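Asker: I'd like to ask you about the structure that follows.
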Number of protein chains: 2
Amino acid sequence: MGTTEGLRRITMTPAARRVLEAAGRLFYERGIHVVGVDLIAAEARVTKKTIYDRYGGKEQIVVEYLADRDERWRAFLARYVDAAPPASAARILAVFDASRAWSAAYGPKGCSMVNAHAEISDPAHPAYPIITGQKQWMLALFTRLAGDVTSEGAGDLGRTLMLLHEGALVAQGLGVFADPIGQARRDAETLLAAAGAYP
Amino acid sequence: MGTTEGLRRITMTPAARRVLEAAGRLFYERGIHVVGVDLIAAEARVTKKTIYDRYGGKEQIVVEYLADRDERWRAFLARYVDAAPPASAARILAVFDASRAWSAAYGPKGCSMVNAHAEISDPAHPAYPIITGQKQWMLALFTRLAGDVTSEGAGDLGRTLMLLHEGALVAQGLGVFADPIGQARRDAETLLAAAGAYP
DNA sequence: CGCTCACTATACAGATCGGTATACTTTCCG
DNA sequence: CGGAAAGTATACCGATCTGTATAGTGAGCG
């Protein structure tokens, strides 16, 4: 079901897990290119040999980092969406609730996929499909959830929700104003009311 | 009026201008950390000595790059906004028209400020205020333009427009769907109609 | 004329980059 | 018992990074 199938071929030994944890934190907070393998090794209390035994190269660490974030975000999100009544507007609002909770828990520097895309511009990079795949998946999710509560115009509504959501993540990362995800949530609510999603 | 006053102290000789042009193109297309001074020098057909004579260091090239983009974007945008009737909803829509034209002319890889923020996380970096300053300025612009066409709720409308606009730039950069800026523009139009901005 | 400024050309320094090699230890498991 | 797997420690490689040093060229100008 995931788009990350053929990419993750790492034996997740305890040391490999520490590497992924340290790399994830450093990549997200400081950026990908600026974080070296030596720093990751030191932070994970692991030798470089172990890193290269498990991952083969830095590129694969990046792939694992993004695939892991993607996987965890989808699971995190599912808990919020599934908790809301089926085919309800509340299911859409739950996405914004999940984003706010995720941001509070895992760092407010915006979306890791968007940030990674700023550094990985080459579409041939093995991590590229993970980045674009998650955004495609989010758009499909919004469109599907919108289709469950409106008789027509689900595509349009889905794209608008996508824009509000992405905009909120960026505004959150740059600290443009307070609680942008809350703002986006209220905007989505208004939008859903206008679309007749509250019967 | 600009937020970039105390930062630009470069004598813009012909060679320095070629450096800024080359660095701007490379930074935007490939990223900041991944582009070295040697590459910039080669691409600008300039020796490294000239670069360090004019800019002092790579950090200042980054500052000039972002300050220049910010300056040019504001001038570009002003032409679109000022061409629309004063205190009209068309002025707001003109922002989206400007973004679409800018993206078509200067590259579709999203917002250079957002991309730079992914690589420059340290708030003490001299380029940081340029990044956040532009977003603050955009929010103030949207809020001011919104205040010109609605009697109340300009702050709220301004923030919503900001989210739509930022979301559209990100979606454009990641290629989530076709013409996201056009989508955002239509959404803004609906929003403005609901707010009674068309008398 | 002679000075200054902008610039070229080239070589180099010191640090850091991703990645590899060698040798050793521990743990688990058939 | 014995061997494979997972790990540590350390030293190293070539390439690349930002930044500097030295020497020389050409144009503008008082």
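Every number here is computed from the coordinates shown, using simple stated rules; none is lab data. Note that the structure is a prediction, hence the values are computed from the model and not measured. In this analysis, Cβ positions are derived from the backbone assuming ideal geometry, glycine residues included, and neighbour counts consider all displayed protein chains.
Asker: Along the positive direction of the dipole of chain B (beta-carbon charges: Lys, Arg +1; Asp, Glu -1; about the Cα centre), which of B:ALA23, B:PRO108, B:LEU191 reaches farthest?
Answerer: Most positive-ward Cα: B:ALA23.
Asker: I would also like to ask the following. Note the count of lysine pairs whose C-alpha atoms are less than 17 angstrom apart in the protein assembly as shown, limited to pairs 8 or more residues apart or on different chains.
Answerer: Close lysine pairs under the 17 Å cut-off: 6.
Asker: How long is the range B:10-56 along each principal axis, judged by its Cα atoms, biggest number first, in Å?
Answerer: 25, 17, 15
Asker: Then there's this: What's the local net charge at A:THR47, with K and R +1, D and E -1, over the other residues with C-beta under 12 Å away?
Answerer: +3
Asker: Cα-based Rg of the protein assembly as shown per 2.2 N^0.38 Å, rounded to two decimals?
Answerer: Relative to the 2.2 N^0.38 Å estimate, the protein assembly as shown comes out at 1.03.
Asker: So how tilted is helix A:128-147 from the main axis of chain A? Cα-based, degrees 0 to 90, rounded to 10.
Answerer: Roughly 20 degrees, rounded to the nearest 10.
Asker: Something else now. In nm, what does the list of distances from A:GLN136 to its counterparts in the other copies look like, shortest first, when each label sits 7 Å along Cα to Cβ?
Answerer: In nanometres, ordered from closest: 4.0.
Asker: What does the charge dipole of the protein assembly as shown about its Cα centre add up to, to the nearest 20 debye, if the Cβ of each Lys and Arg holds +1 and the Cβ of each Asp and Glu holds -1?
Answerer: Rounded to the nearest 20 debye, it is 900 debye.
Asker: Could you work out how far helix B:154-174 tilts from the main Cα principal axis of chain B, as a 0 to 90 degree angle to the nearest 10?
Answerer: Once rounded, one gets 50 degrees.
Asker: Show that you can apply the helix-only estimate: for chain B, add -39,500 (n - 2.57) for every DSSP H stretch of four or more residues, divide by all residues, and state [θ] at 222 nm to the nearest 500.
Answerer: Helix-only estimate at 222 nm: -23000 deg cm²/dmol.
Asker: Hey, another quick one. Using θ = phi - 60° and the Karplus relation 6.51 cos²θ - 1.76 cosθ + 1.60, list the HN-Hα couplings for the range A:39-54 in order, rounded to whole Hz, with x at every Gly or Pro.
Answerer: With the stated coefficients, the range A:39-54 comes to 5, 4, 4, 5, 5, 8, 6, 8, 7, 4, 4, 4, 4, 6, 5, 7 Hz.
Asker: Quick one: what are the phi-derived ³J(HN,Hα) couplings along the range A:108-123, Karplus 6.51/-1.76/1.60 with θ = phi - 60°, whole Hz, x for glycine and proline?
Answerer: Per residue, the Karplus-derived 3J(HN,Hα) values read x, 8, x, 7, 5, 5, 4, 5, 5, 5, 5, 9, 10, 9, 6, x Hz.
Asker: Ok, one more. Quick check: Cα centre of the range B:16-37 to Cα centre of the range A:48-115, how many Å?
Answerer: 31
Asker: How big, in percent, is the set of alpha carbon pairs in the range B:64-194 lying more than 25 Å apart?
Answerer: Of all Cα-Cα pairs in the range B:64-194, 23 percent lie more than 25 Å apart.
Asker: With +1 on each Lys and Arg Cβ and -1 on each Asp and Glu Cβ, and nothing else charged, work out how big the dipole of the range A:60-194 is about its Cα centre, in Debye to the nearest 20.
Answerer: Value, rounded to 20: 200 debye.
Asker: For helix B:89-106, what angle does its Cα long axis make with the longest principal axis of chain B, in degrees from 0 to 90 and rounded to 10?
Answerer: 30
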